[in-house]
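Below is one structure, written out as structure tokens; the observations come after it.
The values are calculated or read from the model by the stated rules, or taken from the named source; none is laboratory data. Computed from a predicted model, the values in this text were never measured in an experiment. Every residue, glycine as well, gets a Cβ built from its backbone with ideal geometry; the counts of neighbours run over all protein chains shown. Calculation scope for accessible area: heavy atoms of the full protein, side chains included, ligands and nucleic acids excluded. Shrake-Rupley method; radii C 1.70, N 1.55, O 1.52, S 1.80 Å.
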Amino acid sequence: MTSANKQKKIKVWSLSLGCPKNRVDSERLLGSLGAPVSHVEHMGRADLVFINTCGFIDPAVRESVRAVLDAGQRLGRCSKKPLLAVGGCMVGRYGAENLAEDLPEVDLWLPTADLDRWPGMVAEALALPTPPVRMPGGGRLLSTGPSYAWLKIGEGCRHKCAFCTIPSIRGGLHSLPAEYIVDEARALLGQGVRELALVAQDLTAWGADLGMKNGLPSLLEKLAALDGLAWLRLLYLYPSGVTLELLALIRDTGAPLLPYLDIPLQHAHSDVLSRMGRPFAGNPRRVLDAVRQILPHAALRTTFIVGYPGETDEQFESLCRFVEESAFQHVGVFAYQAEDGTEAATLPDQVPDAVKQWRRDTLMDIQADISERLLAAHVGSRMQVLVDAPHPEWPGLHSGRVWLQAPEVDGITYVSGPGVAPGALVECDIVENTEYDLTALA
């Protein structure tokens, strides 16, 4: 094959469902095919249609199946059918052979167990030269714009929460080596990215499978020293792994390491936490007390599951009081889903769906008032805003975030004025707030 053919652009239509970790997998695949890639808006014009699925809970599986069926139907009308490749957690959960029986329109299945082989598998199916084998830290085709990027530091999970399917889908803990993480971070910053948001199923476990104790602080020291990094954000910190050493490092390091901690507690009542197989079942406030002692101004995000099997009215009311007292900056609330293959699905006293939904709405109403109050305290102050993207309808207006807002999961800051452009970090006056969002003027 000639060098001209080797450099032929691959036209791609892609969809990444589920969490940011999936997004990273998609970006790594498309950046590692050994040939330039251009995105197209219409599937029929693509050489490759790639769908990265989610399989964490049943609604996500249904969404993934609908996406594949829709793609198959649309591509069936094409005179020249692109390659339809499907990967991700749905494939890891149910297996390619089982899925192929129900979804014959898929040309190539990409199991999660073969992540490192994805580029070679796609290249072979497209009759492209085999791309060089790249460990994580190689190429990535960013889909998040110039302001931020997700940086995945590990795969799988070592915990055994009774409600979770992740270990059965992604396997046990597999930390990426520090040198690969730092190389990838440096490459992302070289593309102009200002913020790196670290993700894994549990950041605090990083390095444990490599024989390291409290490995995350050492990794953070390496990343915080990189040139060009404005913000370094931590998401998915398992409560029992939030050590005093980690909190002191965040305090002492300062910028770019943000005092933003996402600590999924899942509940606050000890009986429910015990049935979930979660830590701090006796006193879930311990981790919050430690954070606020060392980082009194930290922005705390957490998630809760309501309607877990056996959750009583009194236990839910205890959770509501806990949220009111704790004043989290951000809270996500999920109505429990019974997932096949999990211990929780076999427990007695399953809660009716209507009750679960009512409890979710009630807790979100409580948090909305807290969020509005906390954001109102910033009105009248000056804060840095990291600009993400232009507003699709209002010329001159952009969406961005202040340091206490993580990309895609928290509220946003609407910003306008001189110097406001995607990727810019601008000093602004905070002039207004709603329940979840801010408005700023540069």
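Entry comment: accessible area of the chain is 44 Å² per residue, from protein heavy atoms only and a probe of 1.4 Å. Here the spin labels are modelled as points 7 Å beyond Cα on the Cα-Cβ line, and at residue 218 and residue 187 they lie 2.4 nm apart. Pairs of Lys residues in the chain are counted when their Cα atoms are under 25 angstrom apart and they lie 8 or more places apart or on different chains; the count is 19.
Charged side chains reduced to their Cβ positions (Lys and Arg at +1, Asp and Glu at -1) give the chain a dipole of some 1360 debye around its Cα centre. Who wins for biggest fluctuation among 16, 416, 64 in a Gaussian network model of the chain, springs between alpha carbons below 10 Å? Top of the fluctuation ranking is 416. The distance between label points at residue 381 and residue 179 comes to 4.2 nm (points 7 Å beyond Cα on the Cα→Cβ vector). Among beta bridges identified by DSSP and lying wholly in the chain, the antiparallel ones come to about 30 percent.
For the chain, set up a GNM with springs between Cα atoms under 10 Å and report which of 155, 393, 97 has the largest fluctuation. Highest fluctuation of the listed residues: 393.
Residues with beta-carbon under 10 Å from that of residue 340, excluding residue 340: net charge, scoring Lys, Arg +1 and Asp, Glu -1?
Net local charge, residue 340 excluded: -1.
Shape class of the stretch 53-123 from the Cα gyration tensor (axes a ≥ b ≥ c, square roots of the eigenvalues): oblate, since a/c reaches 1.5 or more and a/b does not exceed b/c. For the chain, averaging the sequence separation of C-alpha pairs within contact (under 8 Å, six or more residues apart) and dividing by the residue count gives a relative contact order of 10 percent. For the stretch 314-408, the square roots of the Cα gyration tensor eigenvalues, ordered a ≥ b ≥ c, give a/c of at least 1.5 with a/b greater than b/c, which places it in the prolate category.
With pairing defined as another cysteine C-beta under 4.7 Å, the cysteines of the chain that fail it are 19, 54, 78, 89, 157, 320, 428.
For the stretch 81-218, the relative contact order comes to 22 percent (Cα pairs under 8 Å, sequence separation of at least 6). When the chain is treated as a GNM with alpha-carbon contacts under 10 Å, the residue of 286, 28, 170 showing the greatest mean-square fluctuation is 286.
For the stretch 256-298, backbone nitrogen atoms closer than 20 Å to the point 7 Å from residue 314 Cα along Cα-to-C-beta are found at 267-276, 281-285. Extending 7 Å from Cα along the Cβ direction at residue 62 and again at residue 441 yields two label points whose distance is 4.7 nm. Taken about its Cα centre, the stretch 305-344 carries a charge dipole of roughly 160 debye when the Cβ of each Lys and Arg holds +1 and the Cβ of each Asp and Glu holds -1. If you take mean projected area of the Cα convex hull in nm² from the coordinates, which of (1) 24.8; (2) 22.4; (3) 28.4 do you get? The calculated read-out lines up with (2). Where in the stretch 315-364 are there GluC sites (Glu not before Pro) that are in a DSSP coil and have at most 16 other Cβ atoms within 10 angstrom of their Cβ? Here the sparse-neighbourhood loop sites are 343. Charged side chains reduced to their Cβ positions (Lys and Arg at +1, Asp and Glu at -1) give the stretch 1-120 a dipole of some 580 debye around its Cα centre.
For the stretch 200-348, what is the relative contact order in percent, using Cα pairs closer than 8 Å and at least 6 residues apart in sequence?
19 percent
Shape class of the stretch 78-216 from the alpha-carbon gyration tensor: oblate, with a/c at 1.5 or above and b/c at least as large as a/b. All other residues whose Cβ lies under 13 angstrom from that of residue 327 are scored, Lys and Arg at +1 and Asp and Glu at -1, for a net of +1.
Give me the percent of accessible area attributable to carbon and sulfur for the chain, probe 1.4 angstrom. Roughly 51 percent of what the probe reaches on the chain is carbon or sulfur.
If the segment from residue 321 to residue 240 were pulled out straight at 0.36 nm per residue, it would be longer than the present Cα-Cα gap by 26.9 nm. The Cβ shell under 12 Å around residue 188 holds other residues with a net charge of +1, Lys and Arg each +1, Asp and Glu each -1. Only helical runs count toward this figure. For the chain, summing -39,500 (n - 2.57) over DSSP H runs of n ≥ 4 and dividing by all residues gives -10000 deg cm²/dmol at 222 nm.
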